[in-house]
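The values are calculated or read from the model by the stated rules, or taken from the named source; none is laboratory data. Everything numeric in this text was worked out from a predicted model, so none of it was measured. Glycine also receives a Cβ, built like all others from the backbone with ideal geometry; neighbour counts cover every protein chain displayed.
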């Protein structure tokens, strides 16, 4: 169930998509039950096949799906460094210099990927993935970020060294396991650039998103800054803005609502909205660029169909497909209700 839901929203991996593309881009065949009860076997030649891999939850029920897999050797391993900070100013200062290094060393080099997470638990988590195309010593590649932490007197409290794709993927699970609440409230927003981000845009990410996200008020929250591009950008286009972006971040606001008053919950939502609204005014920055990383069901605001589905033509294709295969809107409980 998780894999299919992941794929029909495009299927992004911050760790693997730069080398392997989105999971949806690796789909080769699927069986779908349409709104009128017809069982259809779809391939990339079918218009519905493409639409399913970004807006599938609004179009049909996936019975099975086949993916083109890759050798495990395409991912050589990964490195992770976890650092602690005391003040938000420290996190902002580290992010400025860490992202400058990302721009210089990671974004132009598709043999590596990087993710920087700033968490509400006052941790900075820098994760690096190396692929089979890398040249040189990977440990040496990571060294500048280690030296930056030492220079800024941020203690490195944990180090991860992974030698396989499985170890790399499984590294996320301890973090996911802590995300619990009764109920667990989560708000998702993404921001990204279609090309190399300029210095002013990176400054906005640090001085506004990292500095003002409600990490203190909602301590399970994170700002997750990633390199993408690569195979995700060069592969077949799907109705997902992730196919078009080289650099992006997720603002994930998350907390246990049981311990929050109505006023506190509203304040957290307002803080998140304020950051996102400021981002909308930044030239060259896409907002809520996929169904996976957005609030497409927000009423009266938030995601734009042409951005979330990649471009205007893809958004139109999804809307026309919806009218054709589900004219009575039987599949109405999905995140794209206001678009399709």
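Whenever a residue of the stretch 262-276 is without any contact (Cβ under 8 Å) to a residue 12 or more places away in the chain, it has no partner that is part of a helix (DSSP H, G or I) lying with C-beta atoms less than 7 angstrom away and at least six residues away or across chains.
Just one residue in the set 79, 115, 104 is at negative phi and without any contact (Cβ under 8 Å) to a residue 12 or more places away in the chain; that residue is 104.
Mind listing whichever residues of the stretch 14-28 are farther than 16 Å from residue 227 by Cα and under 15 Å from the mean Cα position of the chain (by Cα)? Selection gives 23, 24. The single condition among (1) in contact with a strand residue (DSSP E or B) (Cβ under 9 Å, 6 or more places away or on another chain); (2) modelled with pLDDT of 95 or more; (3) surrounded by fewer than 22 Cβ atoms within 10 Å (Cβ to Cβ) that residue 93 does not satisfy is (1).
Screening the stretch 24-136 for strands (runs of 3 or more DSSP E) wholly inside it with 3 or more residues that are more than 30 Å from residue 219 (Cα to Cα) and in contact with a helix residue (DSSP H, G or I) (Cβ under 8 Å, 6 or more places away or on another chain) returns the ranges 27-33, 61-67.
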